[in-house]
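Participant: First the structure, then my questions, so here it is.
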Amino acid sequence: MMRAIEYLGAGGPEVLAEIERHKPVPGQGEVLIKVVAFGLNRADVQQRKGVYPPPAGASDIPGLEVSGTIESVGPGVAGFVEGQRVCALLAGGGYAQYVAVPAGLVLQVPENVDLADAAGFMEVASTVVSNLFLEAGLERGETALLHGGAGGIGSMAIQLAVAAGAKVLVTASSQEKIDYCLALGADAGINYREEDFAEGVKTLTGGSGVDVVLDVVGAKYLAQNVRVLANDGTLVVIGLQGGAKAELNIGALMAKRARVMGTTLRARPLAQKEEIVAAVRERALPLLAGGTLKLSIDRRFPFSEVAEAHEYFDSGRHTGKIIVTL
């Protein structure tokens, strides 16, 4: 048996409950990971609120990323051995002592990286690499606008975009968070509570706009996001914190030859996720191993305080990632 967390209905952190489940057995092509820590992500919170159920076939246990050691290796798996330090991308099941994961979604953790901190790597790295580079095609010399720059995704996106030779603008809710983003390498920040970010982008770019917008807000920002796009620019919507429905000025989009796209990571087919993890291995993992890429961990909570970790996430005070240790 093992300890795990489940949601007793939809609501606030009070719905989290510790339970016992049978320890998983790795199937064909899977490894069993003994979990050292797991990362807390907005998808976990949305699932807790009842608005983002797990995809068909995924575990009802929340948790999209873990770090730990290989406990055992299933049939058909090569390249992993018992005791190896790893991190993994999941469709669910991370809030537990053990989790079985397809080997193609697992990466070895570099020796210079704290194993518990590595729990905050896979989901954000996969999100950023897939959206900024595989989907939007951000290139050296281009400019990206990152909304929520001080969050877990934003912290990773700043560093990977800068490493790729792009200019980075961010939005954040305070000067303190903007300063945090600048310290990570962002070129400039806009406090969206004090000014219209579209006007700020216009000033910062001399009116030319940005090549890529990575947006976690959704409907509330749609018109402004299209407004700040440069010719041939791409808006990638990966979150709906500001709603799901808005009016789109198609004429403005056509005039700029621009694209608007929406993506998710969790519900993608396994083959697509494996391609993304392979791209993370190629683009982000060497930077992590070399010390260029830093894991921005705000706070660690023990497993017994996972509800408090959710409360802290809900407060919006954090910069970077929140992780829970076992």
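Participant: Please verify whether residue 67 is outside any loop (DSSP other than H, G, I, E, B), open to solvent by less than 10 Å² (accessible area, probe 1.4 Å) and either touching a residue at least 24 places away in the same chain (Cβ under 8 Å) or closer than 19 Å to residue 239 by Cα (or both), treating the condition exactly as stated.
Facilitator: Spelling it out, residue 67 is indeed outside any loop (DSSP other than H, G, I, E, B), open to solvent by less than 10 Å² (accessible area, probe 1.4 Å) and either touching a residue at least 24 places away in the same chain (Cβ under 8 Å) or closer than 19 Å to residue 239 by Cα (or both).
Participant: Might you check whether a residue that is within 19 Å of the chain's Cα centre (by Cα), buried (at least 24 other Cβ atoms within 10 Å of the Cβ) and either β-branched (Val, Ile, Thr) or more than 21 Å from residue 318 (Cα to Cα) (or both) occurs anywhere in the range 186-208?
Facilitator: Checking the range 186-208: not a single residue is within 19 Å of the chain's Cα centre (by Cα), buried (at least 24 other Cβ atoms within 10 Å of the Cβ) and either β-branched (Val, Ile, Thr) or more than 21 Å from residue 318 (Cα to Cα) (or both).
Participant: Can you tell me which of 25, 36 is part of a strand (DSSP E or B), β-branched (Val, Ile, Thr), touching a residue at least 12 places away in the same chain (Cβ under 8 Å) and open to solvent by 30 Å² or more (accessible area, probe 1.4 Å)?
Facilitator: None of the other options fit; the residue is 36.
Participant: Under 8 Å by Cβ, and 6 or more places apart or on different chains, what pairs join a residue from the range 205-229 that is on the phi > 0 side of the Ramachandran plot and at pLDDT 95 or above with one that is surrounded by fewer than 21 Cβ atoms within 10 Å (Cβ to Cβ) and not basic (Lys, Arg)?
Facilitator: Every condition considered, the pairs that remain are 209/230; 209/231.
Participant: Continuing with the same structure: Just to check your reading of the model, which residue among 274, 305 is under 24 Å from residue 34 (Cα atoms), acidic (Asp, Glu) and free of Cβ contacts under 8 Å to residues at least 24 places away in the same chain?
Facilitator: The conditions single out 305.
Participant: Within the range 70-116, how many residues turn out to be open to solvent by 10 Å² or more (accessible area, probe 1.4 Å), among the hydroxyl-bearing types (Ser, Thr, Tyr) and under 16 Å from residue 324 (Cα atoms)?
Facilitator: Matching residues across the range 70-116 total 1.
Participant: Shifting gears a bit: So which of 161, 223, 198 is under 21 Å from residue 123 (Cα atoms) and in a helix (DSSP H, G or I)?
Facilitator: Answer to the check: 161.
Participant: Which numbered condition in (1) within 25 Å of the chain's Cα centre (by Cα); (2) under 21 Å from residue 168 (Cα atoms) is the only one that residue 244 fails?
Facilitator: Of everything listed in (1) within 25 Å of the chain's Cα centre (by Cα); (2) under 21 Å from residue 168 (Cα atoms), residue 244 misses just condition (2).
Participant: Right, another one. Among residues belonging to the range 226-248 that are over 23 Å from residue 124 (Cα atoms) and not in a helix (DSSP H, G or I), point out the one that is most open to solvent (accessible area, probe 1.4 Å).
Facilitator: 245
Participant: Also, quick follow-up: In the range 1-22, how many residues are open to solvent by 50 Å² or more (accessible area, probe 1.4 Å) and farther than 18 Å from residue 53 by Cβ?
Facilitator: Qualifying residue count for the region: 7.
Participant: Something else about it: Kindly check whether there is at least one residue in the range 68-89 that is of a type in the set (Phe, Trp, Tyr) and modelled with pLDDT under 95.
Facilitator: There is no residue in the range 68-89 that is of a type in the set (Phe, Trp, Tyr) and modelled with pLDDT under 95.
Participant: Read through the list (1) open to solvent by less than 20 Å² (accessible area, probe 1.4 Å); (2) under 28 Å from residue 218 (Cα atoms), then give the number of the only condition that residue 301 fails.
Facilitator: Failing condition for residue 301: (2).
Participant: Next question, about the same structure. Among the residues of the range 45-59, are any part of a strand (DSSP E or B) and buried (at least 18 other Cβ atoms within 10 Å of the Cβ)?
Facilitator: Scanning the range 45-59, I find no residue that is part of a strand (DSSP E or B) and buried (at least 18 other Cβ atoms within 10 Å of the Cβ), so the answer is no.
Participant: Another question about this same structure. Within the range 128-144, can one find any residue that is assigned to a strand (DSSP E or B) and of a type outside the set (D, E, K, R)?
Facilitator: yes
The values are calculated or read from the model by the stated rules, or taken from the named source; none is laboratory data. Worth saying up front: this structure is predicted, and the values here are computed from it rather than measured. Because the Cβ atoms are built from the backbone with ideal geometry, glycine has one as well, and the counts that use them run over all protein chains shown. The protein model used for the area step is the full one, side chains on, heavy atoms only, and it has no ligands, DNA or RNA in it. Shrake-Rupley method; radii C 1.70, N 1.55, O 1.52, S 1.80 Å.
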